[in-house]
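See structure below.
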Amino acid sequence: YQYLSRYKQKKNLDRFTFHPGMFEVSERECLECLMEFCERKDPSWTELSNFTHFLSFQLRKCEQSVFCSSVVGQEFHGF
């Protein structure tokens, strides 16, 4: 949710890092955001679960990548 909400607001994600346990909104607002980005009209819980697990995996890999580090980000904005 932390990434999706910032993406939706067109905020710069280059220097943002996920913070586990940080709750910014209600569960309802989080679910609405996930459903919007899942791009399914009426997703099942399984589809939402698969979507969030896949997205989480991809974002973790991105955060760990040397190409997405703050050092590289200073030279190559948006890389």
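The values are calculated or read from the model by the stated rules, or taken from the named source; none is laboratory data. Just so we're clear, the structure is a prediction, and the values are computed from it rather than from any experiment. Cβ sites come from the backbone with ideal geometry, for glycine too, and all protein chains shown count toward neighbours. Areas reflect the complete protein model, heavy atoms only, side chains present, ligands, DNA and RNA absent. Shrake-Rupley method; radii C 1.70, N 1.55, O 1.52, S 1.80 Å.
Spin-label model, residue 54/residue 32: points 7 Å from Cα along the beta carbon direction are separated by 2.5 nm. Ligands, DNA and RNA excluded, the heavy atoms of residue 11 present near 110 Å² of accessible surface to a 1.4 Å solvent probe.
Accessible surface of residue 52, taken over heavy atoms with a 1.4 Å probe and every protein chain present, rounds to 40 Å².
How do 60, 28 stack up against each other in accessible area, from largest to smallest, with a 1.4 angstrom probe?
Values: 60 120, 28 170 Å².
Descending accessible area places them as 28, 60.
The modelled label-to-label distance between residue 67 and residue 17, using points 7 Å beyond Cα along the C-beta direction, is 2.1 nm.
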